[in-house]
Amino acid sequence: MGQFGIGQPVRRKEDVRLLTGKGLYTDDVNFDGQVFGVFVRSPQAHANILSIDIEAALAAQGVVAVYTGADLVADGVGTLITDVEMEDLSGKKMFRTKRTFLATDRVRFVGEPLAIVLAETLGQAREAAELVMVDYEGLPAVGSTAFAASPDSPPIWEEHGSNVGVHWENRPVAEIDAHMAKAKTRVTVDIVNNRLVPNPMEPRCAVAKFDEESGVLTIYAPTQGGRRIQGGLAKTVLNLPPNKVRVISPDTGGGFGIRGKLYPELGVISWAARKSGRPVKWRGDRSETFVSDYHGRDQINHAEMGLDENGRVVALKVHTILNCGAYMAENGPRLPVSGGGRIIPGVYDIVNFYFSVKPVFSNTVPTDTYRGAGRPEANFLMERLMDAAAEATGLARDEVRRRNVIRPDQMPYRTQMGLLIDSGDFDGNMKMAMEGADWENFPKRRAQSEKNGKLRGIGIGNFVEAAGGRPTEEMRIRIAADGKATVFAGTHSHGQGHETVWAQLLNEFLGIPFDDVSLVQGDTATAPKNSAGTFGSRSSWMGGVGLQRSAKRIVEKGTKIAANLMQTEPEGVSFAGGVFTAGTSSVTLVEVAKAAHEPKNLPEGMEAGLDESYFLERDPEEFNFPNGCHVCEVEIDADLGHVQIVNYVAVDDCGFVLNPVIVHGQVYGGVAQGIGQALTENTVYDEDAQLVTGSFMDYGMPRAQHFSMIEALFNQVLCKTNDLGVKGAGEAGACGAPSAFVSSVMDALKPYGITHIDMPLTPDRVWRAIAEAKAATAA
Amino acid sequence: MQDFNYHAPASVADAAKLLAAHEDAKLLAGGMTLLPTLKQRLAAPSDLIDLSSVPNIKGICREGDEIVIGAMTPHADVAESALVRETIPGLAMLAGQIGDPAVRHRGTIGGSIANADPAADYPAGVLGHGATIVTNTRKIAADDFFLGLFETALEPGEIILGVRFPIPVWSHYQKLRHPASGYAVVGVLVAQTAGGVRVAVTGAGPNAFRASAMEEALTADFSAKSLDGLTIDAETLNNDMHASAAYRAHVVTVLAKRAVAAR
């Protein structure tokens, strides 16, 4: 189609505004008479709260109020939501933790909030927060995932008696052992999938006010769509009907899954605004990001895979321990199962699959969805197994994969966990990625590196994910009398570029000029009733198709109006490129829009206006399956253990690409976060469960210097289960990068016999592995 | 950040007076460490004495066989100075590797060495070139300046005015950057000076130090090979989650060899 239609590399219309400082973020919003709220957070990892003395804080200059957990409980505020149910094979249900919005009698991780101080200025609130005296009785703490899973760790939920929330299994393990016994070759891998602090650019922030007259509580906060938060706030915190709670998320500096949650701070700020009668603002800082934003990943995986004499996988067994943190977050415990576990066989045709998951508790920040949410972990595990299989069978790494990938002629393919993969060209992805990376000539490049005293390796990683998130979404298009359109989105763009892409869709389907489309999002007062939001790589499908169908309704109504204007029958009217045509006469959509707002022009009984929405509902068990293959090439300075990426090729099948510029951006960002996990990022708690990596001085975010150019290629296979043929794109990079990168490093280290190093592959770890391998050889 | 009184004295004498008058006063140079510390409420000085308005303690010039760098000179100025690049390229190279561009344009040489962060780059540069630290009361040889973790020979009330670097025959700096902070996990400066070979190490121990065994070996034979088998005792080095002491000990030797090989 045209220059601004779908599939076109249209530049992001939001960028000028955002890059020139004209964005409106939550911290830019202030209410008259607002006070500042500062949270008192636990410095202890695990302790009983014996008493909280707020007298000195209350007496401090400028202090308006000090509230503790007891005040919230007394006011009927409930507990945070965990939207998960799991049970073991005997039907015994998962232990559910209870978390109050402020800790009352016990703290269970460093940074857990237990009181809030409101004062006239931020400085005064901070001063006074230091005057809140808490008497703690320290308890033994659990800082590591492995310790949490061991029977020796002190249970941090005594009523449960164990730190293991449930032992979930997909089937009896004996069933798979029988298959495993028949395998000619068996390989095992043990992986620590490192805990990450997601770190969006914008730290959390909130400003809330309660209007006595209307009884409406309004809160501004960066979210991924306010509707879910609205419901929780209304029901659990404020005891108001949802329509009396308004959540507004203006420009939001990154979501990554963790901005979509009802955090305790949002509840407390809302409640405090009503309780105190003053608007309340909380400006979270980066230190609070580290100790209060939900963390990501943090699994320990043990897996065993059996192959036959042809290198075909005959059995797969996976044991996963997930560190949930001190409390189960909204989705936390579900991630290994419905996030990652369902796609663990990955792009491979593996029938005999056993899967066990133990969510465990520790005195750490709760974990929840972070870019990929279980799928990067699952793909990483699967790809490490494939590399191990190559090593054990003597087959090349690409060959063992090729022998096991699901072939296009097997589509649609029903996985062992019950999902139906509609489409994908997994072998083709590998071919394209390997050609793009000039895999064939790698030995020449390795020889050159060796001349320069460097090790060189190349690695490959396939991935597939299930995308789509919640099964409902609603989108609305309103066309004004002047023909200009407004999209009221249920989705929420916080970096994804929806202002641009939704305008492209309207340009494509309604012929409306790109610049005449504006986006309204992020306000529960104006969002469609069934708005869900943006997470789980869902917007292109749920929002895009919802918008396409809304546009279809605009055309249907417009056709009737056009027929009326042209004094003909609707059946004879066609629509294309913004023009309704019947025989030799035609009217434009702009003319129709004008007429739509003048009742005299309308057919009998038709409502005025041109305003249509579509509620899209899909089968909750139906997903789309973004997939791809990444190839990474590294050079290693063995003396320092320093790894440098020298080439990176990402092949992605995200179905039909609505805007290649934007999808490239998604790929680069996802790869950067995946490489961050694999190369620099690590969240470390010490034995006392104190967070040691609590700032950017110790927590290594990936930087430009860590990368080479990234070549992003598409192997588009249209999705068969939605009208646009789209698949998710946002999480793909993070799913493909860790395995391709680690594979490349292990390839480089092969001369030393090193087959695995846990992420992140920091210089210290790489050097140590080499030193130990050398020592072992010498001995 | 807690409230404090802000002063911007117009002379070193006024700055010294203010420093003497207020018990909990702190000097503010580039603020690259002090300001984050204040923001995190880890320090709460009563008074901040900003040196940015004090004349004659910023800039680079040559005096005889020495390059004199004013205490308030930002790292970027040193990195880009034609004079430093020509006379002490190893120092320009070091300054250009500190932090990131924002830090290099705000952070100063005086602030860096007064703070004496164990992982800062400048201590290796000052020690490795055998520089002299000039204060408002005396001159201190670099060898006598760095005493321990964040500990220097500076007395209360003493203000660094500048650093005098003897122009070396040759020098070179090698650094392994910390992946998160950009500080030196290990930094090694090797210099051939009129007084002999100097090898200064930062990042590895509680404070910058000279590797005397390496200096001796290089004096006898200035070649990378002469450092074979020479390692710093790991027992004396920092051990943290980013780098073990054993790794640091190994890296000191690797970087020293690379510096020498660059000759």
note = So, first residue of a type in the set (S, T, N, Q) in segment A:541-560, second residue open to solvent by 30 Å² or more (accessible area, probe 1.4 Å), Cβ within less than 7 Å, six or more apart or across chains; the pairs are A:Q548/A:F509; A:Q548/A:D723; A:S550/A:R476; A:S550/A:E612; A:S550/A:S613; A:S550/A:Y614; A:T559/A:P570; A:T559/A:F575
ask   = Among the residues of segment B:155-173, is there at least one that is of a type in the set (G, A, S), assigned to a strand (DSSP E or B) and in contact with a strand residue (DSSP E or B) (Cβ under 6 Å, 6 or more places away or on another chain)?
value = yes
query = Among the residues of segment A:753-762, is any within 14 Å of chain B (Cβ to nearest Cβ) and part of a helix (DSSP H, G or I)?
reply = no
query = Do the conditions hold for B:A224, that is, is it without any contact (Cβ under 8 Å) to a residue 60 or more places away in the chain, buried (at least 23 other Cβ atoms within 10 Å of the Cβ) and touching a Lys or Arg at 6+ places or on another chain (Cβ under 7 Å)?
reply = no
Test: residue in segment A:361-372 that is assigned to a strand (DSSP E or B) and either of a type in the set (A, V, I, L, M, F, W, C) or touching a residue at least 40 places away in the same chain (Cβ under 8 Å) (or both) = yes
inquiry  = I'm trying to understand the selection: among the residues of segment A:519-554, which are at negative phi, of a type in the set (S, T, N, Q) and not in a helix (DSSP H, G or I)?
reply    = A:Q521, A:T524, A:T526, A:N530, A:S531, A:T534
Cβ-Cβ under 8 Å pairs, at least 6 apart or on other chains, segment B:17-33 side under 29 Å from B:S181 (Cβ atoms), far side open to solvent by 50 Å² or more (accessible area, probe 1.4 Å) and of a type in the set (K, R) = B:G30/B:R106; B:G31/B:R106; B:M32/B:R106
query = Restricting the search to segment B:181-200, which residues are under 22 Å from B:M32 (Cα atoms) and either at pLDDT 95 or above or assigned to a strand (DSSP E or B) (or both)?
reply = B:Y183, B:A184, B:V185, B:V186, B:G187
task = Report yes if B:A92 is closer than 21 Å to B:R198 by Cβ, in a loop (DSSP other than H, G, I, E, B) and not assigned by TED's automatic domain parsing to the domain that holds B:L237, otherwise no.
result = no
task = Please specify each residue of segment B:199-217 satisfying the condition of being touching a Gly at 6+ places or on another chain (Cβ under 8 Å), open to solvent by less than 30 Å² (accessible area, probe 1.4 Å) and not polar (S, T, N, Q).
result = B:V199, B:A200, B:V201, B:G203, B:E215
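Just give me the residues in segment A:673-703 being within 19 Å of A:S744 (Cα to Cα) and within 14 Å of chain B (Cβ to nearest Cβ), in sequence order.
Once the filter is applied, which keeps residues that are within 19 Å of A:S744 (Cα to Cα) and within 14 Å of chain B (Cβ to nearest Cβ), segment A:673-703 yields A:I675, A:G676, A:Q677, A:A678, A:L679, A:T680, A:E681, A:P702.
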ask   = Any residue at all in segment A:286-301 that is open to solvent by 20 Å² or more (accessible area, probe 1.4 Å), in contact with a Pro (Cβ under 6 Å, 6 or more places away or on another chain) and within 14 Å of chain B (Cβ to nearest Cβ)?
value = yes
key: Members of segment A:611-646 that are within 14 Å of another protein chain (Cβ to nearest Cβ) and either open to solvent by less than 40 Å² (accessible area, probe 1.4 Å) or within 20 Å of the chain's Cα centre (by Cα) (or both)   = A:I636, A:D637, A:A638, A:L640, A:G641, A:V643, A:I645
Only one of B:I140, B:I113, B:I160, B:I88 that is among the aliphatic types (A, V, I, L, M) and under 12 Å from the mean Cα position of the chain (by Cα) = B:I113
inquiry  = I'm trying to understand the selection: among the residues of segment A:83-97, which are in contact (Cβ under 8 Å) with a residue 40 or more places away in the chain and open to solvent by 20 Å² or more (accessible area, probe 1.4 Å)?
reply    = A:D83, A:E87, A:D88, A:L89, A:K92, A:K93, A:F95, A:R96
task = Return yes or no: is A:C719 assigned to a loop (DSSP other than H, G, I, E, B) and away from chain B (no Cβ under 14 Å)?
result = yes
key: Candidate set: segment B:162-194, residues that are among the polar types (S, T, N, Q) and within 13 Å of chain A (Cβ to nearest Cβ); chosen: the one most open to solvent (accessible area, probe 1.4 Å)   = B:Q174
Filter pass, A:R476 being of a type in the set (K, R), in contact with a helix residue (DSSP H, G or I) (Cβ under 7 Å, 6 or more places away or on another chain), surrounded by 23 or more Cβ atoms within 10 Å (Cβ to Cβ) and more than 30 Å from A:V646 (Cβ to Cβ) = yes
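Can you name every residue in segment A:15-30 that is open to solvent by less than 80 Å² (accessible area, probe 1.4 Å) and in a loop (DSSP other than H, G, I, E, B)?
Selection gives A:T20, A:G21, A:G23, A:V29.
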message = Among (1) without any contact (Cβ under 8 Å) to a residue 24 or more places away in the chain; (2) closer than 22 Å to A:V766 by Cβ; (3) surrounded by fewer than 23 Cβ atoms within 10 Å (Cβ to Cβ), there is one condition B:A249 misses while meeting the rest; what is its number?
response = (1)
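The values are calculated or read from the model by the stated rules, or taken from the named source; none is laboratory data. This structure is a prediction, so every number in the text was calculated from the model and none was measured. Glycine also receives a Cβ, built like all others from the backbone with ideal geometry; neighbour counts cover every protein chain displayed. Protein only, heavy atoms only, side chains kept; ligands, DNA and RNA dropped before computing areas. Shrake-Rupley method; radii C 1.70, N 1.55, O 1.52, S 1.80 Å.
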